[in-house]
There are 2 protein chains.
Amino acid sequence: MSALSLDALDTPAAIVDLDRVERNLQRVAAYAREHGLRLRPHTKTHKTVELGALQVAAGASGVTVATVLEAEVMARVSDDVLLAYPTVGARRLARLMALPSRVRLTVALDSREALEGLAQAARDAGRTVDVLVELDLGMRRVGLRTPEDAVALARVAASTTGVAFRGVTFYAGHIRIPQAELPAAMQAQSQTLASFVDALRAAGLPPEVVSGGSTPTLWQSHLVRGLTEIRPGLNVLNDRNSVTIGASDWSECAYSVLATVVSTAVPGQVVIDAGAKALAKEEGLAPGYGVLLDRPEVVVKNLSEEHGLIDVSATTWRPRIGERVRVVPNHVCVSVPLHARLHVVRGDTGVATWEVAARGW
Amino acid sequence: MSALSLDALDTPAAIVDLDRVERNLQRVAAYAREHGLRLRPHTKTHKTVELGALQVAAGASGVTVATVLEAEVMARVSDDVLLAYPTVGARRLARLMALPSRVRLTVALDSREALEGLAQAARDAGRTVDVLVELDLGMRRVGLRTPEDAVALARVAASTTGVAFRGVTFYAGHIRIPQAELPAAMQAQSQTLASFVDALRAAGLPPEVVSGGSTPTLWQSHLVRGLTEIRPGLNVLNDRNSVTIGASDWSECAYSVLATVVSTAVPGQVVIDAGAKALAKEEGLAPGYGVLLDRPEVVVKNLSEEHGLIDVSATTWRPRIGERVRVVPNHVCVSVPLHARLHVVRGDTGVATWEVAARGW
C-alpha cells in the first residue's frame, strides 16, 4: 500500500500502531526468553495473518487459536497450532483434519466426548493430534476440577489411537485481581496446578507441556512453578482494560478506532461515529466503553449502535464537528472482529492494510 | 439454496425464522395502515438486501439507514432512502452522492456544519437532498433541544441550494420505560413535539414529514399527534430486550444463534460455542446475555469471546456435549453484524442464505 494519511480513511476505522506492536512483541519475547518459557501467543485478539507472522518472527514457537477458522488462517504462518477450544461437532472436526499435514496440531479439551470425537476424526484422516487436558484452576468456565478427573482423561488420551497425550493447559482468568495481589494469587494457583501435575506423574503420565498464562497474569507467569508455555493474547495490542489492571502501560496501546465528531448538539457531550458496532459495548473495568488515545482522561460514556457519546463535562477540550479522534476500547479482542480490516500506521502514516482474515468461524 | 437441515451448519450460526419474519412484517404493515402512518423500517437491524426487499414488498414506503454502506446496499431495493445520521466527512458525502440518481435521498441532521457540507456536496453532484431536522425529545444523544434552534436550522435548509427542508425527525429512545407507562410518556412527548412543529409553522416552515417511532414505542406511535412516519428497526426480528419490555411477544422472536454444547465440566453450567463474538456481550434489560429460544427460562449467564455459559442450576434440562441450542441474544442489532450471513429457515429447514451485505461501513 502506498503511504496514506489517516485523513483519507472513512470512519469508523480500526487502526494499529505498528511501532507499538513491535515494542510489545519484543517485550514479551524478552520476558519469555528470560524465564525459559515457550511463547505461543493467542491470535484470537487480532485474527490477521500478518500479525501472526510478526509474532512467529519475533520468537513465538507456535500459535494459539480459538476457532477452526483461526486455525486455518494461522496455519499459513505457523506449523505449530494449538486449538484452545474443545473440538465438538463433525464439521469442526472435518475442517480441522483438513489442515495441511505439515501443521503439528494440538487440541485442548476437557471431556471424553470431545476426545473420542477428535481421535476418531484423526484416525480417519491418518493423523495424530496432540492433546492437552484442560484444567479449571478457578476460572469456572471450562476444564476439569480434580486431579482424578484429569488423570482419567489423560489416561484415555494416552491409550487412544489418533491422539497423543502431551500435557495440561489452563486459563487463569485473573482479570479482576489487582496486579499487586497477583503474586499471592498465582502462588495459590501454583499449588493447585502442582496437585494436578503430581497426580499425573504418579499415574505415569508426566505432562511434557504445561501451558498457561494470559495477558492479566503475563508478567508474573514465572511465578507459576512448572509452567512451560505462555499464551498471551491481547498483549500484542492492549486495550483500556489491560491498562486499568496494570498489565500494560498506556504507551503500549496499539489499537484504536478512528472516529469523526458528528454532533455537538447536546451540551456536555460530543457524538462520534464509532458506536457499539465499531467498539463493542462491553462493560469494562472502569466506567464507560473507551477513552481517547490522546486524551485518556476523556471517556466514551455510552454507546448506541453507530453513536459514541463522549463526556466532555470534565475537560476543556471542545472538538468541532468533523474533527477526528482515536478511541481505545475497553476490550480489543471484541472490537477487532467488528472490522473487515485493520489500517496499520507508523505515526499518522498508513503503511499497510491487514484483512481480519479469521473473523467469523 | 437446496433444502438444508440446521444440523449441517457449522456453529455458531445466525438463524432467521422466515415464518416469524413474515408475521412481523404483516403486523407492522397493518398497524401503519390502520393509523395512516408511512412505514420506513430501519434496516440497520438486519443489513441484508433480501430482508429490505421483503420490507418494501410488505408495504414500506422507503427505508431508513444509519450508514452510507447501508444506503448503498438498500438502494438496490428501495428508491427512497432516509439516512438517519449526520453526514459529516468528505468521503461519506462523496459516497452518498454516488448513489443512483433514481434514489430520493433524505438526510437527518442537527448542525449547520453537517447541513452545509451536505448542501455543497449535493450541488457539486447536481442533486437535491431532502433534509429532516433532528430533534432531541429527551433521548439526549443527538438532536436540537429548542424550537428556536430547530427553526434556525430549518430556515438555513430551506434557503440553501442543494438541499430541501422536508420536516423533522426524532428518536424516542423509551426503551427503559415499561409499556404500561408509555402512553403517558408519549403524551408528554407529543406536547414537546408540538412545540417544535408549531414554531416551524409560525416561521412559515411547516414540516411535511414528522418521522419518529422505534420498536419500544412502536405500537403506541398513533398517540404522537402529527406523526406522519414510523421507523421501527429491530421489530422485524425482535430479541430478548424487546420481549422484556413488552414490545414483542416471544413467538415473534425471529433471530437466534445456533450453538453447540462443548463442555459440561463445571457443575451447574454448560458451555456453548456462542460467545461475545457471536451474540455480543451487551448488557440487557434482564440479567445475562440471552436465553434459549426453546427454553426461555434458561439464561446465558456470562460470555467470554467464544464461550457462552448457560446457567442450568434452576432447570432439570441437562444437555449432552454435542447437543445444539438456539440462543436469542439481548440485542439483535449488535449480534447480526458479527455474522457474515444469516441462515434462513422455515421450521428446521434451511430455505436461503442471506449475506449481511451492509456490515462494516
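Looking only at the range A:102-113, which residues are of a type in the set (Gly, Ala, Ser) and open to solvent by 90 Å² or more (accessible area, probe 1.4 Å)?
none
Take the conditions in contact (Cβ under 8 Å) with a residue 12 or more places away in the chain, surrounded by fewer than 18 Cβ atoms within 10 Å (Cβ to Cβ) and either within 27 Å of A:His339 (Cα to Cα) or in the same structural domain as A:Leu227 (by TED's automatic domain parsing) (or both) and apply them to A:Glu116. Does it pass?
Details: in contact (Cβ under 8 Å) with a residue 12 or more places away in the chain: yes; surrounded by fewer than 18 Cβ atoms within 10 Å (Cβ to Cβ): yes; either within 27 Å of A:His339 (Cα to Cα) or in the same structural domain as A:Leu227 (by TED's automatic domain parsing) (or both): yes.
Against the criterion (in contact (Cβ under 8 Å) with a residue 12 or more places away in the chain, surrounded by fewer than 18 Cβ atoms within 10 Å (Cβ to Cβ) and either within 27 Å of A:His339 (Cα to Cα) or in the same structural domain as A:Leu227 (by TED's automatic domain parsing) (or both)), A:Glu116 qualifies.
Considering only the range B:252-283, state which residues are at pLDDT below 95 and small (Gly, Ala, Ser).
B:Ser263, B:Ala265, B:Gly268
From (1) within 14 Å of chain B (Cβ to nearest Cβ); (2) open to solvent by 40 Å² or more (accessible area, probe 1.4 Å); (3) at pLDDT 95 or above; (4) in contact with a Lys or Arg (Cβ under 8 Å, 6 or more places away or on another chain), pick out the condition that doesn't hold for A:Lys301.
(4)
Just to be sure, is A:Val327 open to solvent by less than 20 Å² (accessible area, probe 1.4 Å), out of contact with any Lys or Arg (no Cβ under 7 Å at 6 or more places or on another chain) and not in a loop (DSSP other than H, G, I, E, B)?
Taking the combined requirement at face value, the residue satisfies it.
B:Leu82 - would you say it is surrounded by 23 or more Cβ atoms within 10 Å (Cβ to Cβ), of a type outside the set (S, T, N, Q) and touching a Gly at 6+ places or on another chain (Cβ under 9 Å)?
yes
Assuming A:Val312 fulfils every condition listed in (1) out of contact with any helix residue (DSSP H, G or I) (no Cβ under 8 Å at 6 or more places or on another chain); (2) facing chain B (nearest Cβ under 9 Å) apart from one, which condition is it?
(2)
Evaluate the range A:175-192: report whether one residue or more is in contact (Cβ under 8 Å) with a residue 12 or more places away in the chain, touching a Lys or Arg at 6+ places or on another chain (Cβ under 8 Å) and open to solvent by 40 Å² or more (accessible area, probe 1.4 Å).
no
Being of a type in the set (Asp, Glu) and more than 22 Å from the chain's Cα centre (by Cα) is the filter; apply it to the range A:256-296 and report the residue that is farthest from B:Val356 (Cα to Cα).
The qualifying residue farthest from B:Val356 (Cα to Cα) is A:Asp294.
Among the residues of the range B:51-60, is any farther than 28 Å from A:Lys277 by Cα, more than 14 Å from chain A (Cβ to nearest Cβ) and in contact (Cβ under 8 Å) with a residue 40 or more places away in the chain?
no
Please return the ranges of helices (runs of 4 or more DSSP H) entirely within the range A:81-194 where 3 or more residues are of a type in the set (Gly, Ala, Ser). Walk me through it before giving the result.
Working: elements: A:90-97, A:112-125, A:147-158.
Of the helices (runs of 4 or more DSSP H) lying wholly inside the range A:81-194, those with at least 3 residues that are of a type in the set (Gly, Ala, Ser) span A:112-125, A:147-158.
Could you list, in sequence order, all residues of the range A:33-49 that are within 23 Å of A:Val224 (Cα to Cα) and surrounded by fewer than 23 Cβ atoms within 10 Å (Cβ to Cβ)?
A:Arg33, A:Glu34, A:His35, A:Gly36, A:Leu37, A:Arg38
Condition first: over 19 Å from A:Val356 (Cα atoms) and either small (Gly, Ala, Ser) or at pLDDT 95 or above (or both). Can you find one or more residues in the range A:46-54 that meet it?
No, the range A:46-54 has no match at all.
Go through the range A:318-339 residue by residue and tally those that are of a type in the set (Lys, Arg) and facing another protein chain (nearest Cβ under 8 Å).
Final tally of qualifying residues: 1.
Can you name every residue in the range B:255-277 that is of a type in the set (Gly, Ala, Ser), more than 8 Å from chain A (Cβ to nearest Cβ) and crowded, with 24+ Cβ neighbours inside 10 Å? It would help to see each step written out before you state the result.
Within the range B:255-277, the subset of a type in the set (Gly, Ala, Ser) is B:256, B:259, B:263, B:265, B:268, B:274-276.
When the remaining residues are screened for being more than 8 Å from chain A (Cβ to nearest Cβ), the result is B:256, B:259, B:268, B:274-275.
Selection gives B:Ser256, B:Ala259, B:Ala274, B:Gly275.
A quick yes/no check of all residues on (1) open to solvent by 50 Å² or more (accessible area, probe 1.4 Å); (2) assigned to a helix (DSSP H, G or I):
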| site | (1), (2) |
| --- | --- |
| B:Asp19 | yes, yes |
| B:Gln26 | yes, yes |
| B:Leu51 | no, yes |
| B:Val73 | no, yes |
| B:Val77 | no, no |
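Please find, among B:Ala125, B:Ala152, B:Ala164, B:Ala90, the residue that is surrounded by 17 or more Cβ atoms within 10 Å (Cβ to Cβ) and in the same structural domain as B:Thr45 (by TED's automatic domain parsing).
Being surrounded by 17 or more Cβ atoms within 10 Å (Cβ to Cβ) and in the same structural domain as B:Thr45 (by TED's automatic domain parsing) holds for just one of B:Ala125, B:Ala152, B:Ala164, B:Ala90, which is B:Ala125.
Considering only the range B:211-236, how many residues are under 17 Å from B:Val28 (Cα atoms) and more than 14 Å from chain A (Cβ to nearest Cβ)?
Going through the range B:211-236 one residue at a time, the tally reaches 18.
For the range B:200-222, give me each residue that is aliphatic (A, V, I, L, M), open to solvent by 30 Å² or more (accessible area, probe 1.4 Å) and part of a helix (DSSP H, G or I).
Passing the criteria: only B:Ala202.
Taking the condition without any contact (Cβ under 8 Å) to a residue 40 or more places away in the chain and either of a type outside the set (S, T, N, Q) or farther than 23 Å from A:Leu39 by Cα (or both), does A:Arg225 pass?
Judged against the criteria, A:Arg225 is a match.
Under the condition of being within 14 Å of chain B (Cβ to nearest Cβ) and in contact (Cβ under 8 Å) with a residue 60 or more places away in the chain, which residue from the range A:66-81 is nearest to B:Asp273 (Cα to Cα)?
So in the range A:66-81, the residues within 14 Å of chain B (Cβ to nearest Cβ) come out as A:66-72.
Filter again for in contact (Cβ under 8 Å) with a residue 60 or more places away in the chain, leaving A:67-70, A:72.
Values: A:Thr67: 9, A:Val68: 12, A:Leu69: 13, A:Glu70: 14, A:Glu72: 18 Å.
Per the criteria, the residue is A:Thr67.
Taking the options B:Ala185, B:Ala108, B:Ala150, B:Ala180, name whichever one is within 12 Å of another protein chain (Cβ to nearest Cβ) and closer than 30 Å to B:Gly284 by Cβ.
On inspection, the qualifying residue turns out to be B:Ala108.
Return the residue satisfying two criteria in turn: it lies in the range B:204-217 and is modelled with pLDDT of 90 or more and not polar (S, T, N, Q), and of such residues it is farthest from B:Leu193 (Cα to Cα).
B:Gly204
For the range A:334-361, how many residues are polar (S, T, N, Q) and open to solvent by 20 Å² or more (accessible area, probe 1.4 Å)?
Here the count works out to 2.
The values are calculated or read from the model by the stated rules, or taken from the named source; none is laboratory data. Quantities reported herein were computed from a predicted structural model and do not represent experimental measurements. Every residue, glycine as well, gets a Cβ built from its backbone with ideal geometry; the counts of neighbours run over all protein chains shown. Note: areas computed on protein heavy atoms with side chains; ligands, DNA, RNA excluded. Shrake-Rupley method; radii C 1.70, N 1.55, O 1.52, S 1.80 Å.
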